[in-house]
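One structure below.
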Amino acid sequence: MLSDYIRDHLAQARYELIDEGTRFYGEIPACKGVWATGATLEATRDELKEVLEGWIITRLREQLSVPGLGGRRRPATGPRERQAPRARHRAHA
């Protein structure tokens, strides 16, 4: 699931040459703040993948939603306590 998410979002990345054509810039528009630069297109792709992975980890750690991953934002109220299962009783006829 996570590897599919990363692969799909890297496929949506946009790249351009910067610094008078000496470096590459890449970004994933669907993931605000996910961008990278590199001396080659391949280096930029590799860096962009690492940035995306870190972005996902940070959003999950901060209990923020990850767009396109499913799931909803959970309130930051601390660890959830497990509730004891409800006892089921059969009615006697």
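The values are calculated or read from the model by the stated rules, or taken from the named source; none is laboratory data. In this text the structure is predicted, and so the values were computed from the model without any measurement. All Cβ positions, even for glycine, are placed from backbone atoms using ideal geometry, and neighbour counts span all protein chains on display.
Observations
- Residues of the stretch 13-45 satisfying the condition of being of a type in the set (D, E) and in a loop (DSSP other than H, G, I, E, B): D19, E20
- Qualifying residue in the stretch 24-37 (condition: surrounded by fewer than 12 Cβ atoms within 10 Å (Cβ to Cβ) and polar (S, T, N, Q)): no
- The stretch 3-15 residues that are closer than 16 Å to G33 by Cβ and modelled with pLDDT of 95 or more, paired with ones that are among the charged types (D, E, K, R) and not in a helix (DSSP H, G or I) (beta carbon under 6 Å, 6 or more apart): R14/E27
- Test for L2: is it among the hydrophobic types (A, V, I, L, M, F, W, C) and more than 11 Å from the chain's Cα centre (by Cα): no
- Looking at E20, E47, just one residue is surrounded by 12 or more Cβ atoms within 10 Å (Cβ to Cβ) and more than 10 Å from the chain's Cα centre (by Cα), and that residue is E47.
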